[in-house]
Amino acid sequence: PSPSATNITSTPSPSPIMPTEAIHPSTGSTMRKMKPMPFSFIVPSLLVFLVVGCVHITVEVDAWSSAPTASLAAPSTSALTSTSSLHSTLQTDEVTTVADADIARDVSKGKNKWFPIKPADALSPSNDYDSLVKSAYLRHVLVASKEMADLIMDVYLKGGSFPGKEETYEQTDGDIFTRLARDVSLCTDSRDDGGKIGWVDNPNNRANDSDKLDKTTGVVYELISPEVIQMLFQARVKGGDVMKFPASDDSGWHIIRVDDLHIQVQPSSMVSTPGSKNIINKKRKKLKGSGNIPLSPVIRKAGVGIINSNGIENDDEQSKTIYSVPNARHYKILTTGCQMNVADSERIMGVLEGELGLKSLDSLNDDQKGGADPSLVATPKSTNAKSTNKAKNKSTTPDILLLNTCTIRDHAEQKVYDALGPYTALKRAGKPLAIVVAGCVAQQEGEALLRRFPEVDLVLGPQYIPWLGELLVEVGRGSQLCMTESMIWSEKGSGAGAGIMNGDSSRDKDGDWMVPIKRGHSTRAWVNVIYGCNEHCTYCVVPGVRGVEQSRSMDAILQECLQLADSGFKEVTLLGQNIDAYGRDMTPKRTFADLLNFLNDNLPTDTISRIRYVTSHPRYFSDRVIDAVANLDKVCECFHMPFQAGDDQVLRDMRRGYSYDSYMNIIRKIRAKAPDASICGDVIVGFPGESEDAFQRTLDLMEEVKFDNLNTFAYSPRPNTEAADWDNQIPPDVQSDRLQRVQALAAKHALGRSQRYLGKVVEVLVEDRNPKNGDEVMGRTRQGRQVFFPGNVDELKGELVMVDISEARTWSLVGRIADNAL
């Protein structure tokens, strides 16, 4: 649910345009559009009139002198429906004058774009919900009446609080839904087991054999009827959804929670279909220049015997060659980009090591100090081994190379192509090597990457990481794959599902349902809470490469955090490209503030002591999040609030949905409720059409806020974004000048914000040794400021230490352990 308009604007909006749902005029799909509301009066900025039974709108926004006038026809009222699945550039969850200006501007340009906003609606016909979702893991509570079902749902959504009463379930009671099932469910067969139904097959999945389906679900039918199961899957549920259905025998009402989905990805049986982005080539062509067939080492699941079939038909040369290569033993992963990519790489390493039994080449080199296994030695600069002096020029190559890539800027994308060069040369020379390109470049380029680099074996979109093991096994059989179709999130591979499913193995779909995450640190950890973004800012590639928003369930997130707590972690950072959108794709809808309160209440004392999060969107930021940061003891006083530009016209061109004044209104609320909090941001300079006066407004906003930390970027045109095609691009020299100016001002403000700590004693969580001084340790304050001070990292790592600050630097602090602090 979106915050009220007063959360992001300084004045009420005069617009009568409200979001509603309608049928898309060309596809027939449900969508979210703006519904004009009839008025019998005229307001200064809006004239509404009726013409032949249809409502037409003329929009004039007085607040923006340069905003154009536009007309918008209303959809037929007969076309309205109750579900929303498409997002238009006209759609807004906030009623603001800024949003009205965006609407007028987009319509004046003839832009009425529609985007899916529900995961199931983003799927392609060749990769639809019923072909992907094989089964769902369910729990239920059976009650006597709809009124009781409503009450139980309300208690669950409020984290165990009873409406109008002070009674509540304590955090030691564990999962609230499980406790509710045990306390109030009328189903005696599942009540004592926390309402567990287990894995229930999707009756609409074409791969589910009907005879087998009847046998395996016989026990399920005693708990929940086939009619209810059918309705559940027809609703295209996802993990975390909670649904209410009347029992088919009138025995009461079911409250059903979907803990997870079993998503079917079987590369061995895949075939490429016309129009699909998922492609499999089981017969590889010879590489130009060398004439060699690209070879990959044999890749198999840990504990699984040698593969007997390479899955290749009528290719004697390749079938003879493929088993002359060694089994894969070592991997190397190169990661670029944001925290989300870092977290994805941790999941990837979990798959490579936990599922496939591989070892990191980096750890091998560390252990052997350069004495690597001779079978791994290669020389990227020369493909002629005989002409190379290995004793003098020796480097190691892995059996599997994986590039987890970023495309937010052109420079990051070009680095990927540069990194591929030496390894593709090795493969052309006959080296058995599996090359995987994952991440945002993979999703953006898709099959085009295979055409540009035919040596690449797997192009892996971010949504397919949980199935990396299965896909690499197919690569080891000689196949080349591209997996970039939209996908529904599953907890497989997230590290949390085992807790949710309570160790239930009676209906496991495969022997390695859960794969551990290989964490990159032992004190702090990344925890994904929402994937994707629905915003479609005109400069941003994220919606195209990360897909629609998909929130993980609160229970799955909590289970992952509890596992981290058991492993000794002290801090988690919740990740999402638009974290304030958390829960709006769920049934029923949840909010990010709900999640913060839920985690703060249910993480045991003396375990995880700090919760951080990134990244917020000012358009959806709510007062409840400010309250959570200000009042919850585990949530750190740090706000990451990208503003991107200070000029209202530039913000409209970016389609950000807020203004200078509405952004500053948020900052003032933060300063009032959490005065000691740090405020960080992102800014883009040199956006198309940005004048010098417009740029000055960015500097004005920086002067007014004084950010603790500011990420600064010069605008970079990106593929498949609207702004990249505009003809008012800013010259590079102007961009560079403006970037230097914002960086200088940001550094000035950061130093000023650091100086407020001088002479104070602050709490620091020790993370590591100071890489530049072995006698010092490094940690962070609750506000995220780095602190260096003398100490033994072996004794202090993971500890909360009170530090007396004696020196303030631009981006860090220096101090010593306070007296009587230990």
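The values are calculated or read from the model by the stated rules, or taken from the named source; none is laboratory data. Computed from a predicted model, the values in this text were never measured in an experiment. Ideal geometry is used to build each Cβ from the backbone, glycine not excepted, and the neighbour counts take in all protein chains shown. Please note that ligands, DNA and RNA were not included when accessible areas were found on the heavy atoms of the full protein model with its side chains. Shrake-Rupley method; radii C 1.70, N 1.55, O 1.52, S 1.80 Å.
Tabulated values for the structure
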{"read-out": "Set LEU450, LEU426, LEU364: member being at pLDDT below 90, in a helix (DSSP H, G or I) and surrounded by fewer than 21 Cβ atoms within 10 Å (Cβ to Cβ)", "value": "LEU364"}
{"read-out": "Residues of the range 807-822 classified as in a strand (DSSP E or B) and over 30 Å from the mean Cα position of the chain (by Cα), total", "value": "7"}
{"read-out": "Residue within the range 563-575 that is open to solvent by less than 10 Å² (accessible area, probe 1.4 Å), at pLDDT 90 or above, among the polar types (S, T, N, Q) and in contact with a Gly (Cβ under 7 Å, 6 or more places away or on another chain) present", "value": "no"}
{"read-out": "Near pairs, Cβ below 6 angstrom, 6+ apart or cross-chain, from the range 708-724 (more than 13 Å from MET654 (Cα to Cα)) to any residue that is modelled with pLDDT under 95 and buried (at least 19 other Cβ atoms within 10 Å of the Cβ)", "value": "ARG718/VAL541"}
{"read-out": "Residues of the range 136-155 satisfying the condition of being open to solvent by less than 10 Å² (accessible area, probe 1.4 Å) and free of Cβ contacts under 8 Å to residues at least 24 places away in the same chain", "value": "none"}
{"read-out": "Lone unmet requirement of (1) over 22 Å from ALA645 (Cα atoms); (2) over 31 Å from the mean Cα position of the chain (by Cα) for PRO731", "value": "(1)"}
{"read-out": "Filtered residues of the range 779-806 (kept if in contact (Cβ under 8 Å) with a residue 24 or more places away in the chain and exposed (fewer than 15 other Cβ atoms within 10 Å of the Cβ))", "value": "PRO790, SER806"}
{"read-out": "Tabulated pairs, the range 399-412, first under 26 Å from GLY476 (Cα atoms), second among the hydroxyl-bearing types (Ser, Thr, Tyr) and open to solvent by less than 10 Å² (accessible area, probe 1.4 Å), C-beta under 8 angstrom, 6+ apart or interchain", "value": "ASP399/TYR331; ILE400/TYR331; LEU401/TYR331; LEU402/TYR331; ASN404/SER345"}
{"read-out": "Residue that is open to solvent by less than 70 Å² (accessible area, probe 1.4 Å) and at pLDDT 90 or above, where the choices are LEU261, LEU213", "value": "LEU261"}
{"read-out": "Residue under evaluation SER290, criteria (1) under 37 Å from the mean Cα position of the chain (by Cα); (2) surrounded by 14 or more Cβ atoms within 10 Å (Cβ to Cβ); (3) at pLDDT below 90, criterion not met", "value": "(1)"}
{"read-out": "Whichever residue in the range 558-598 is closer than 12 Å to ALA525 by Cα and among the charged types (D, E, K, R) and, among such residues, is nearest to the chain's Cα centre (by Cα)", "value": "GLU560"}
{"read-out": "Test: residue in the range 739-761 that is more than 31 Å from the chain's Cα centre (by Cα), at positive phi and open to solvent by 10 Å² or more (accessible area, probe 1.4 Å)", "value": "yes"}
{"read-out": "Tally of residues being polar (S, T, N, Q), outside any strand (DSSP E or B) and touching a Phe, Trp or Tyr at 6+ places or on another chain (Cβ under 8 Å) across the range 759-806", "value": "1"}
{"read-out": "Some residue of the range 384-396 being at pLDDT below 90 and under 29 Å from the mean Cα position of the chain (by Cα)", "value": "no"}
{"read-out": "Enumerated strands (runs of 3 or more DSSP E) restricted to the range 586-696, each holding at least 1 residues that are charged (D, E, K, R) and open to solvent by 10 Å² or more (accessible area, probe 1.4 Å)", "value": "610-614, 678-685"}
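Here is a yes/no grid of residues against (1) of a type in the set (A, V, I, L, M); (2) closer than 25 Å to ILE255 by Cβ; (3) modelled with pLDDT of 90 or more:
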| residue | (1), (2), (3) |
| --- | --- |
| SER108 | no, no, no |
| PHE115 | no, no, no |
| ASN127 | no, no, no |
| TYR137 | no, yes, yes |
| VAL143 | yes, yes, yes |
| LYS146 | no, yes, yes |
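Residue by residue, here is whether (1) modelled with pLDDT under 95; (2) touching a strand residue (DSSP E or B) at 6+ places or on another chain (Cβ under 6 Å); (3) not aliphatic (A, V, I, L, M) holds:
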{"position": "VAL761", "(1), (2), (3)": "no, yes, no"}
{"position": "VAL764", "(1), (2), (3)": "no, yes, no"}
{"position": "ASN770", "(1), (2), (3)": "no, yes, yes"}
{"position": "VAL793", "(1), (2), (3)": "no, yes, no"}
{"position": "TRP811", "(1), (2), (3)": "no, no, yes"}
